[in-house]
Amino acid sequence: MEMTTILRSSFTNPPFTAHLSPSKFPRSFSTPFRLRTSLSFSPSLPPKSFPTNCSVSDDTTSSTNVASVDLSIALKKKATDVSADLRGTSIFLVGMNNSVKSSLGMLLADLFRYYYFDSDALVSEAAGGESAAISLKESDEKGFRESETEVLKQLSSMGRLVVCAGDGAVQNSTNLALLRHGISIWIDVPLEMVAKGIIGNKSLLLSSEITISGSYSEVLSQLMALYEDMRRGYATADATVSLQKVAYQLGYEDMDAVTTEDITMEVLKEIERLTRVKKMMEAAARPF
């Protein structure tokens, strides 16, 4: 059975488990696997927030809780308003892999009642795990890149998805063209935060160019080099949402104070802007 057919079936018949056909991948990636943790659709779960580094009084905590509830309601309303014009268009999140991007992706999926995928997780499962994927990337770069393209090809052929795309999505013109099947948004997170996240959780970055066992300064230096290679591809996204800019707009001195909800609201605003522009262009193209 074709991979697309299997995935479509899994969307309408829970539990959300799908097989990827081995024939659709290069020989190095011919091991079938199940989609488990990579697929998320759980609107009943409350969104997670990034931890902050400060303590607060009971009064401040109470005010913060009220603000969080208000923001949650505002997010649901904004998502409802945007959904009508979005019309099931998939959303691709690009940028360095980090907890900000993945938490954002899962919350967006909940708000829009979309399905969530992490493209790197799919490639890793096809290779037999994260370590195997990194080893294969080092020994068979071509096969690894072909698998990345095949994953994006299948995901981009469907709608109602939020996809956290790996760096392979912006490394060649074929993959960049596949992102045009949906709305692409660059989630720009300071490299210092990304480096700290990688040291704390090595699964955040599927890259043989990064030495996970290195010190913070070594990881940051490697990230800076990788970022320079990827920046041009990231910049082709339909919109950019900068964590640093969001923190500034909200008056936060510490970027750790920015929550998943805060950055999600900015993403929703960008999606709303893009869908409005598209709607205006379609209206202008209609004959009188």
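Each reported figure results from applying straightforward, stated rules to the coordinates on display, with no laboratory input. No experiment lies behind these values; they were computed from the predicted model shown. A quick note on method: Cβ atoms are made from the backbone with ideal geometry, for glycine too, and the neighbour counts reach across all protein chains shown.
Taking H as built 1.01 Å from N, whose amide H comes closer than 5 Å to the amide H of ILE91, not counting residues under 5 places away?
Hits under the 5 Å cutoff: LEU161, VAL162, VAL163, ILE183.
Can you give the extra length, in nm with one decimal, that the chain gains between ALA132 and ARG87 once fully stretched, where that is 0.36 nm per residue apart less the Cα-Cα distance?
Gain in length upon complete extension: 12.4 nm.
What nm value, rounded to one decimal, do you get for the distance between ASP229 and LEU250 when each label is placed 7 Å out toward the C-beta?
About 3.3 nm separates the two model spin labels.
Express in nm, to one decimal, how much length is gained between LYS153 and THR236 on full extension, taking 0.36 nm for each residue of separation and deducting their alpha carbon distance.
28.1 nm
Search the structure for amide H atoms under 5 Å from the amide H of SER242, placed 1.01 Å from N in the peptide plane, and list their residues when 5 or more places away or on another chain.
ASP188
Output ³J(HN,Hα) for the range 172-185: one whole-Hz value per residue in order, computed from phi by the Karplus curve 6.51 cos²θ - 1.76 cosθ + 1.60 with θ = phi - 60°, and x for Gly and Pro.
8, 5, 4, 5, 4, 5, 5, 5, 5, 6, x, 9, 9, 10
As a quick test, which of the pairs LYS245/LYS278; LYS78/LYS196; LYS78/LYS279; LYS76/LYS196; LYS142/LYS245; LYS153/LYS245 have an alpha carbon distance above 27 angstrom in this structure?
LYS78/LYS196; LYS76/LYS196; LYS142/LYS245; LYS153/LYS245
Assuming R0 = 45 Å, can you tell me the calculated FRET efficiency for the pair SER217 and GLU282, based on Cβ-Cβ distance, to the nearest 0.05?
That pair, SER217 with GLU282, gives E of 0.35.
Roughly how far apart, in whole Å, are the Cα centres of the range 239-265 and the range 75-154?
22
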